[in-house]
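The values are calculated or read from the model by the stated rules, or taken from the named source; none is laboratory data. Here the structure is a predicted model, which means the values were calculated and not measured. Counting neighbours? That spans all protein chains shown, and the Cβs are built from the backbone with ideal geometry, glycine included.
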Amino acid sequence: MLQPTILAIESSCDDTSAAIIRGGKILANVVASQAVHEQYGGVVPELASRAHQQNIIPVVAQAFHTANIAKSELNAVAFTRGPGLLGALLVGTSFAKAFAMGLNVPLIEVNHMQAHILAHFIDEPKPAFPFLCLTVSGGHTQLVVVRDHLDMEIIGQTTDDAVGEAFDKSAKLLGLPYPGGPALDKLAATGDPNKFPFPIVNLPGNDFSFSGIKTAILYFLKDQTKQNPDFITQNLADLCASIQNALIKTLFKKLIPAAEALHIKDIAIAGGVSANSGLRKALQEEGEKRGWNVFIPAFQYCTDNAGMIAMAAHFKYLKGEFSDQYASPEPRLKF
Ligand code: KG4
Ligand code: ZN
């Protein structure tokens with residue numbers, strides 16, 4: 001079966017998603033985001049699990065409706081095994097196992113972070129191997145050498161906060177609503193990125209650190225608002241632009257030397273933060289300067305979605321990499 005039809009489920013954090021892929025082409029990619037977390041200013045794991053439980057049946061039903069296929073046409077069922085929140089992963093994993101058992105088709109487990117990278121194989125143009133991917137999400141910041149669809153090596157990662165976390169926490173300090181990253185991005189568009197010089201951390205080697213920037217922002221804002229209580233509102237766009245600029249520069253401090261050392265010219269970004277307009281623009285500009293072929297995912301495949309899980313499952317199906325009914329979620333899954 002070289003044109004397998006696969007149902008994929010993603011439930012690692014606060015998006016419940018189902019996708020159907022046939023022969024490597026996405027037929028449906030349905031995402032239900034969870035508004036329940038807004039009032040808490042961040043994802044509440046227990047509430048995420050409950051919302052997945054409520055959303056999963058309608059989301060899967062919508063995926064079948066959009067793809068216009070019958071359940072009997074499925075050749076496999078895929079699910080995100082990790083990394084992610086245990087309770088959230090359990091909902092998707094249990095659903096996928098039951099569905100696969102009911103239809104008597106194989107199960108495929110997918111690593112969420114690998115899937116973010118494999119989202120680049122959904123649409124054209126596709127990167128050529130080996131390529132370098134900067135995977136930037138709410139929980140991870142990784143520099144990955146991708147040698148083949150399922151052959152990847154992490155050569156650098158964050159030693160503390162993820163860059164998405166830095167975006168979200170900075171946004172929270174500025175009083176922006178959850179989720180902070182996209183809100184900060186929007187405001188940054190009209191601000192001056194060089195107004196406030198926040199630190200650009202450069203650890204030795206390929207690893208990143210973002211906790212220092214967050215602390216510097218915290219103390220800077222405390223200090224300024226002591227002198228002028230309206231400092232944040234009066235400088236909001238410039239603060240957003242300056243924070244975004246420091247975070248992006250911190251990423252490029254590692255991306256550029258790694259690409260040069262490896263002599264790799266195909267450079268990709270992936271994960272939720274790859275939706276950031278400043279990062280997308282900076283990569284385009286850096287790429288033109290350095291003769292890179294840059295790969296930036298379509299917005300719908302940047303943040304969490306089951307389309308990318310389906311794409312990863314397609315490659316695993318072709319290689320015969322299946323799981324069994326004893327598969328269980330792994331919140332800290334590595335690759
Ligand atoms: O990949 P993702 O959807 O979930 C995880 O696997 O973590 O990434 C979510 C992260 C959040 O931190 C969110 O604020 C950030 O991606 N994000 C952004 C933007 N869109 C999403 N950060 C900055 N600018 C954006 N436009
Ligand atoms: Zn993700």
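Remarks
- Taken as a whole, the structure places residue 124 among residues that are part of a loop (DSSP other than H, G, I, E, B) and within 30 Å of residue 263 (Cα to Cα).
- Of all residue pairs spaced 6 or more apart or on separate chains, those with beta-carbon atoms under 6 Å, a first member in segment 88-116 that is among the hydroxyl-bearing types (Ser, Thr, Tyr) and a second member that is outside any strand (DSSP E or B) and at pLDDT 95 or above are 93/329.
- Here residue 313 meets each of (1) more than 16 Å from ligand 1 (Cβ to nearest atom); (2) assigned to a loop (DSSP other than H, G, I, E, B) with one exception, condition (2).
- Among the residues listed as 162, 128, 98, the single one being on the phi < 0 side of the Ramachandran plot, among the aliphatic types (A, V, I, L, M) and within 13 Å of ligand 1 (Cβ to nearest atom): 162
- Residues in segment 71-96 that are part of a helix (DSSP H, G or I) and either surrounded by 20 or more Cβ atoms within 10 Å (Cβ to Cβ) or of a type outside the set (D, E, K, R) (or both): 72, 86, 87, 88, 89, 90, 91, 92, 93, 94, 95, 96.
- Looking across segment 132-141, not a single residue is away from ligand 2 (no atom under 16 Å from the Cβ) and not in a strand (DSSP E or B).
- Screening residue 118 against (1) of a type in the set (A, V, I, L, M, F, W, C); (2) more than 30 Å from residue 249 (Cα to Cα); (3) within 16 Å of ligand 2 (Cβ to nearest atom) leaves a single unmet condition, (2).
- Enumeration of residues in segment 223-240 that are surrounded by 13 or more Cβ atoms within 10 Å (Cβ to Cβ) and either part of a loop (DSSP other than H, G, I, E, B) or in contact with a Ser or Thr (Cβ under 8 Å, 6 or more places away or on another chain) (or both): 231, 232, 235, 237
- Taking residues in segment 300-324 that are within 18 Å of residue 139 (Cβ to Cβ) and at pLDDT 95 or above, and partners anywhere that are in a loop (DSSP other than H, G, I, E, B) and β-branched (Val, Ile, Thr), the pairs with Cβ atoms closer than 7 Å and at least 6 places apart or on different chains are 301/122.
- Exactly one residue out of 220, 252, 198 is within 16 Å of ligand 1 (Cβ to nearest atom) and assigned to a helix (DSSP H, G or I), and it is 252.
- Looking only at segment 52-61, residues that are in contact with a strand residue (DSSP E or B) (Cβ under 9 Å, 6 or more places away or on another chain) and surrounded by fewer than 16 Cβ atoms within 10 Å (Cβ to Cβ) come to 3 in all.
Residue-wise test of (1) part of a strand (DSSP E or B); (2) away from ligand 2 (no atom under 13 Å from the Cβ); (3) at pLDDT below 95; (4) crowded, with 18+ Cβ neighbours inside 10 Å.
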| site | (1), (2), (3), (4) |
| --- | --- |
| 129 | no, yes, no, no |
| 143 | yes, yes, no, yes |
| 156 | yes, yes, no, yes |
| 160 | no, yes, no, no |
| 167 | no, yes, no, yes |
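- Of all residues in segment 25-51, those satisfying the criterion of being within 19 Å of residue 299 (Cα to Cα) and either surrounded by 17 or more Cβ atoms within 10 Å (Cβ to Cβ) or within 16 Å of ligand 1 (Cβ to nearest atom) (or both) are 26, 27, 28, 29, 30, 31, 32, 33, 34.
- Residues of segment 258-293 classified as more than 16 Å from ligand 2 (Cβ to nearest atom), part of a helix (DSSP H, G or I) and either in contact (Cβ under 8 Å) with a residue 40 or more places away in the chain or under 16 Å from residue 130 (Cα atoms) (or both), total: 7
Quick grid of which residues meet (1) modelled with pLDDT of 95 or more; (2) charged (D, E, K, R); (3) over 9 Å from residue 11 (Cβ atoms); (4) in contact with a Cys (Cβ under 7 Å, 6 or more places away or on another chain):
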| position | (1), (2), (3), (4) |
| --- | --- |
| 58 | yes, no, yes, no |
| 62 | yes, no, yes, no |
| 67 | yes, no, yes, no |
| 80 | yes, no, no, no |
| 84 | yes, no, no, yes |
| 88 | yes, no, no, yes |
| 92 | yes, no, no, no |
| 99 | yes, no, yes, no |
| 103 | yes, no, yes, no |
